[in-house]
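Peer 1: Below is the structure I would like to discuss, written out as structure tokens.
The values are calculated or read from the model by the stated rules, or taken from the named source; none is laboratory data. Note that the structure is a prediction, hence the values are computed from the model and not measured. Every residue, glycine as well, gets a Cβ built from its backbone with ideal geometry; the counts of neighbours run over all protein chains shown.
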Amino acid sequence: MVDITELRTRFPALDRKVDDRPALYLDGPAGTQVPISVIDRIAAAMVESVSNVGGPFAASRDSDRVVDEARTAGADLFDAEPGEIVFGANMTTMTFAFSRAVSSSWGPGDTVAVTGLDHDANVTPWVRAARERDAEIRFIGINEDATLDMASLDSVLDDSVRLVAVTGCSNAFGALVDIPAVVDASHSVGARVYVDAVHLTPHRRPAITTLGADAVICSAYKFHGPHVGVLRGDPDWLTEIEAVKVRPSPPEPPGKFETGTQPFPLLAGFAATIDHLASLGEGDSRRERLASAFDWISEREHRLGSMFVDSLPDNVTIIGPPTMEGRVSTFAVSVEGVGPGEAARRLGERGLFVWAGHNYAVEPMRRLGFLDEGGLVRMGITHLNTEDEIERLVDELAGLRG
């Protein structure tokens with residue numbers, strides 16, 4: 001059983017104060033705190049792994065080892081194989097590059113489907129790529145409770161659809177998407193499925209054996225790691241795609257998708273992040289410990305999220321799923337009589353770190369009518385938060401009056 005008090009001592013950032021008040025981190029959807037084990041591994045790699053890979057000397061072999069360990073760690077996270085793991089700067093940068101590579105075979109008569117629920121990093125890259133190839137763009141709609149409209153998915157699918165880009169979990173509203181159902185429907189018409197798991201991964205393990213998608217991508221800084229993106233791709237698809245790369249780059253995956261020199265210290269930090277997450281679980285292998293850890297994370301966040309929902313003050317309204325069913329503990333809210341920017345500012349002055357605005361979820365904010373109103377206040381409860389912090393959050397929200 002995880003001791004939450006001990007766990008929090010691993011994170012130096014949690015010692016921060018604002019005007020003598022303990023900082024209350026609720027900005028996890030935009031980035032999380034990092035444990036000292038990850039910080040130390042990055043620092044060590046800054047000394048030991050600064051040479052490029054492939055050289056006939058010790059420092060280069062150190063970098064080779066770092067890359068190999070990072071791929072193995074990524075494979076354990078996704079329940080995949082190391083050769084299926086691709087690294088890059090972040091999900092957005094990687095998706096822009098990947099979309100250009102994938103779309104090189106598209107043309108008139110082809111279709112790409114994106115959703116009205118996604119972060120814009122899984123919308124605009126595909127829309128631009130489709131337009132450049134004169135391919136059709138279709139949007140999958142959303143429901144009033146900020147969930148994906150599965151009937152709309154069925155209506156856009158036919159044998160012209162080459163790819164469906166979908167989120168695993170809304171970064172703004174916390175709504176989960178039934179990815180296996182999306183995959184089954186998409187594969188039935190021959191379409192590939194590209195899943196943005198950036199907001200899913202902090203709360204649920206993105207195991208490809210469960211999701212079944214052709215590509216799943218996430219960013220480690222959303223789950224207590226460094227700023228690096230990681231993608232798991234179907235090996236046949238990765239081999240088939242003509243990567244956008246320079247001539248000396250490897251001709252085979254995963255290296256052909258990794259442009260330029262990789263950030264070796266950050267890859268070392270990524271491997272340490274997976275070790276940290278695995279330390280929260282039980283089992284004989286790291287994969288077993290990761291599965292156990294994500295079960296614990298899910299259960300704890302469900303309990304903390306329910307505590308928040310059940311004690312919501314009367315001046316605050318949740319936009320999205322109203323209970324913890326079908327969602328994670330990320331909440332977009334409106335505060336009666338107080339604009340989102342003003343609410344975030346006032347909470348920030350009291351040491352509560354939350355975001356306000358569209359949070360790059362442009363499509364769902366527009367479709368639900370909040371884009372022109374300045375968006376919403378977003379708070380993300382993670383497994384590092386405590387019951388006392390949830391009580392403090394509720395009290396502070398209750399004090400926000402116009």
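Peer 1: Among the residues of the stretch 286-300, how many are under 16 Å from Met1 (Cβ atoms) and either surrounded by fewer than 18 Cβ atoms within 10 Å (Cβ to Cβ) or out of contact with any Leu (no Cβ under 9 Å at 6 or more places or on another chain) (or both)?
Peer 2: Selection size over the stretch 286-300: 6.
Peer 1: Taking the criterion of being surrounded by 22 or more Cβ atoms within 10 Å (Cβ to Cβ), among the basic types (Lys, Arg), assigned to a helix (DSSP H, G or I) and in contact (Cβ under 8 Å) with a residue 60 or more places away in the chain, would at least one residue in the stretch 222-231 satisfy it?
Peer 2: Yes, that holds for at least one residue.
Peer 1: Of everything in the stretch 22-36, what is aliphatic (A, V, I, L, M) and assigned to a loop (DSSP other than H, G, I, E, B)? Give them in sequence order.
Peer 2: Those that are aliphatic (A, V, I, L, M) and assigned to a loop (DSSP other than H, G, I, E, B): Ala23, Leu26, Val34.
Peer 1: Let me ask something else. Only one of Arg378, Arg346, Arg366 is among the basic types (Lys, Arg) and outside any helix (DSSP H, G or I); which?
Peer 2: Among Arg378, Arg346, Arg366, only Arg378 is among the basic types (Lys, Arg) and outside any helix (DSSP H, G or I).
Peer 1: Which condition breaks for Ala332 when tested against (1) within 24 Å of the chain's Cα centre (by Cα); (2) surrounded by fewer than 18 Cβ atoms within 10 Å (Cβ to Cβ)?
Peer 2: Condition not satisfied by Ala332: (2).
Results for (1) assigned to a loop (DSSP other than H, G, I, E, B); (2) surrounded by 14 or more Cβ atoms within 10 Å (Cβ to Cβ), shown as yes or no for each residue.
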| residue | (1), (2) |
| --- | --- |
| Val47 | no, no |
| Pro56 | yes, no |
| Ser60 | no, yes |
| Thr72 | no, yes |
| Ala80 | yes, yes |
| Ala97 | no, yes |
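Peer 1: Going by the conditions given, is Ile319 touching a residue at least 40 places away in the same chain (Cβ under 8 Å), of a type in the set (A, V, I, L, M) and under 19 Å from Val2 (Cβ atoms)?
Peer 2: no
Peer 1: Also, quick follow-up: From the list Pro29, Pro12, Pro56, which one is outside the structural domain of Lys245 (by TED's automatic domain parsing), farther than 30 Å from Thr167 by Cα and modelled with pLDDT of 95 or more?
Peer 2: Pro12
Peer 1: If you don't mind, there's one more thing I want to ask. May I ask you to say which residue of Ala356, Ala332 is without any contact (Cβ under 8 Å) to a residue 40 or more places away in the chain and within 23 Å of Asn122 (Cα to Cα)?
Peer 2: None of the others qualify; the one that does is Ala356.
Peer 1: Now for a separate question. Of all residues being among the charged types (D, E, K, R) and outside any loop (DSSP other than H, G, I, E, B) in the stretch 101-135, which is farthest from Val166 (Cα to Cα)? Just the residue, please.
Peer 2: Glu132
Peer 1: Also, quick follow-up: Residues in the stretch 381-402 that are assigned to a loop (DSSP other than H, G, I, E, B) and in contact (Cβ under 8 Å) with a residue 40 or more places away in the chain: how many?
Peer 2: Adding up the residues that qualify gives 9.
Peer 1: How about the stretch 16-36: which of its residues are more than 20 Å from Ile390 (Cβ to Cβ), surrounded by fewer than 16 Cβ atoms within 10 Å (Cβ to Cβ) and either of a type in the set (D, E, K, R) or out of contact with any Pro (no Cβ under 7 Å at 6 or more places or on another chain) (or both)?
Peer 2: Across the stretch 16-36, the qualifying residues are Asp19, Asp20, Gly31.
Peer 1: Within the set of pairs 6 or more residues apart or between chains, which connect a residue that is under 19 Å from Arg61 (Cβ atoms) inside the stretch 258-269 to a residue that is aromatic (Phe, Trp, Tyr) with Cβ atoms less than 7 Å apart?
Peer 2: Sorted first by the residue in the stretch 258-269, then by its partner, the pairs are Glu258/Phe87; Gln262/Phe87; Leu267/Phe87.
Listed here are the residues, each with its yes/no results for (1) more than 27 Å from Thr147 (Cβ to Cβ); (2) within 24 Å of the chain's Cα centre (by Cα); (3) surrounded by fewer than 18 Cβ atoms within 10 Å (Cβ to Cβ).
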site	(1), (2), (3)
Trp355	no, yes, no
Ala361	no, yes, no
Leu371	no, yes, yes
Gly374	no, yes, yes
Ile381	no, yes, no
Val394	no, no, yes
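Peer 1: So in the stretch 262-285, with the set limited to residues that are within 22 Å of Ile4 (Cα to Cα) and of a type in the set (D, E, K, R), which one is nearest to the chain's Cα centre (by Cα)?
Peer 2: Checked the stretch 262-285; the qualifying residue nearest to the chain's Cα centre (by Cα) is Asp275.
Peer 1: If you don't mind, another one. With surrounded by 16 or more Cβ atoms within 10 Å (Cβ to Cβ), closer than 30 Å to Ala30 by Cα, touching a Gly at 6+ places or on another chain (Cβ under 8 Å) and among the acidic types (Asp, Glu) as the only criterion, which of Asp145, Asp149 stands out?
Peer 2: It is Asp149.
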